[in-house]
Amino acid sequence: MTDFHHALRSLKVWDTELPSFDPASAPPEPLPLFHDWFTAAVAAGQTEPHTLSLATADEDGRPDVRTVMLHDADARGWHFASHSTSAKGRQLAARPEAALGFYWPVQGRQVRIRGHVTTGTSEEAYADLHARTTGALASALVGRQSEVLDSSDTLAEASAAAWRRAEAEPDAPAPSWTLYVVEPAEVEFFQGDGRRRHQRLRYRRDPAAGGGWLRELLWP
């Protein structure tokens, strides 16, 4: 057995006591439950609970996925941000649909979201960027995300110049910085169980009920 396979086979899943979850007690809409689970993950010591997997598709329908950070979750939907000129920005312009995936192993929980993607206003994007760190602003000022890079030296020079500008002009704009909002059509909550009797609760928009939410259990 190779070192890789030995390491893979040695891993355990949820080697901890998991919380219980009664779907019958869940609220009629998914957002309050997401807020509850998120704050519970933070309280339980989950590392970077605000990171999520963002899945998109390009203009040919080929899927793509990467890790981004959650910027908000409110009545509009789940927020993240990026450059409109990046690969994900171009993909969302061509196909404004996305799926999000949160995984909080400390509690054996996942949340999955699917829906249409809209963009915030330029004012919202500006406020989002300038509420973050100087490093985040410097990175945004570099831009060119997903473009081919000729060398690490070129990146170092561009980054240094961007840091100098960010420190000298903390209000500097980054025109391609865009706030994206995933308007949920489906939200699924998964609670792991040590005996594999996992609980899966899906909220699904019901056009027949004026866009309200249907709640349904799924087989694990």
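The values are calculated or read from the model by the stated rules, or taken from the named source; none is laboratory data. Owing to the predicted nature of the structure, the values given are computational and were not obtained by experimental measurement. Glycine gets a Cβ as well: all are built from the backbone with ideal geometry, and neighbour counts include every protein chain shown. Surface areas here come from the heavy atoms of the whole protein model, side chains and all, with no ligands, DNA or RNA. Shrake-Rupley method; radii C 1.70, N 1.55, O 1.52, S 1.80 Å.
When only the Cβ of Lys, Arg, Asp and Glu is charged (+1, +1, -1, -1), the dipole of the stretch 1-80 relative to its Cα centre reaches about 220 debye.
Probe radius 1.4 Å, ligands and nucleic acids ignored: give me the carbon and sulfur share of the accessible area of the chain as a rounded percent.
That fraction is 52 percent.
Calculated mean residue ellipticity, 222 nm, the chain: -9000 deg cm²/dmol, from DSSP H runs (n ≥ 4) at -39500 (n - 2.57) each, averaged per residue and rounded to 500. Need the C-alpha centroid separation for the stretch 19-93 versus the stretch 161-220, integer Å. When both Cα centres are located, 3 Å separates them.
Using a probe of 1.4 angstrom and keeping all protein chains present, the accessible surface of the stretch 152-220 works out to 61 square angstrom per residue.
From the Cα gyration tensor of the stretch 122-166, with a ≥ b ≥ c the square roots of its eigenvalues, which class applies: rounded if a/c is under 1.5, or else prolate if a/b is larger than b/c, or else oblate? Can you show the working numbers first?
Values: a/c = 3.44, a/b = 1.78, b/c = 1.94.
Since a/c reaches 1.5 but b/c is at least a/b, the shape of the stretch 122-166 is classed as oblate.
Is the C-alpha gyration tensor of the stretch 179-220 telling us rounded, prolate or oblate? Criteria: a/c under 1.5 is rounded; beyond that, a/b larger than b/c is prolate, otherwise oblate. It is oblate, given that a/c is not under 1.5 and a/b is not larger than b/c.
If you take the square roots of the eigenvalues of the alpha-carbon gyration tensor of the stretch 117-215 and sort them as a ≥ b ≥ c, do you get rounded (a/c under 1.5), prolate (a/b over b/c) or oblate?
prolate
Summing Cβ point charges (Lys, Arg +1; Asp, Glu -1) relative to the Cα centre of the stretch 89-166 gives a dipole of roughly 340 debye. Counting GluC sites (Glu not before Pro) as exposed when in a DSSP loop with at most 16 other beta carbons within 10 Å, what is the longest stretch of the chain free of them? Answer from the scan: 60-146. For trypsin sites (Lys or Arg not before Pro), the sites in the stretch 128-195 that DSSP calls loop and that have at most 16 other Cβ atoms within 10 Å are R132, R144, R195.
Taken about its Cα centre, the chain carries a charge dipole of about 820 debye when Lys and Arg each add +1 at the Cβ and Asp and Glu each add -1 at the Cβ.
Which one of T154, L218, G120 is farthest out on the positive end of the charge dipole of the chain, using unit charges on Cβ (Lys, Arg +1; Asp, Glu -1) and the Cα centre as origin? After comparing all options, I get L218.
Take each peptide in 22-28, 83-89, count the other Cβ atoms within 10 Å of every residue, and average; sorted highest first, the result is 83-89, 22-28.
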